[in-house]
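The structure appears below as structure tokens.
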Amino acid sequence: MYDNYQGDPNQEVMSVGSWLITLLILAIPCVNIVMYFIWAFGNGNENRKNFCRAGLIFMLIAVVLSVLLSSMFGAALFMANF
């Protein structure tokens with residue numbers, strides 16, 4: 001009955017080669033940010049989608065922390081000059 005059932009290709013486990021290509025593309029500057037958004041919110045493999053969503057969350061946390069830390073150090077340097 002289910003001999004010809006292929007399943008949803010978006011639910012399949014990604015192979016090592018697919019992960020290597022994904023990581024290679026994400027290593028290219030500027031392209032990686034665009035691809036993070038395309039893969040995170042597009043209609044693709046669920047493994048890659050979740051990986052990119054997690055990567056975007058980490059990027060957001062890193063940006064927020066770097067803005068906070070640079071603001072604190074900038075304010076400390078500004079106050080040290082007075």
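The values are calculated or read from the model by the stated rules, or taken from the named source; none is laboratory data. Only a predicted model underlies this, so the values are computations on that prediction, with no experimental measurement involved. Note that each Cβ is placed from the backbone with ideal geometry, even for glycine, and that neighbours are counted across all protein chains shown.
How many residues are surrounded by 14 or more Cβ atoms within 10 Å (Cβ to Cβ) and farther than 19 Å from D8 by Cβ when one looks only at segment 39-59?
2
Would you please list the contacts, defined by Cβ atoms under 6 Å and residues six or more apart or on different chains, that run from a residue in segment 50-67 that is among the small types (G, A, S) to a residue that is at pLDDT 95 or above?
From segment 50-67, the pairs are G55/Y36.
Please find, among N81, N32, the residue that is at negative phi and surrounded by 11 or more Cβ atoms within 10 Å (Cβ to Cβ).
Criteria check complete, one pass: N32.
Any chance you could count how many residues in segment 27-46 are of a type outside the set (G, A, S) and part of a loop (DSSP other than H, G, I, E, B)?
Within segment 27-46, the first condition is being of a type outside the set (G, A, S), and the residues that meet it are 28-39, 41, 43, 45-46.
With part of a loop (DSSP other than H, G, I, E, B) added as a condition, the list becomes 28-30, 43, 45.
Matching residues across segment 27-46 total 5.
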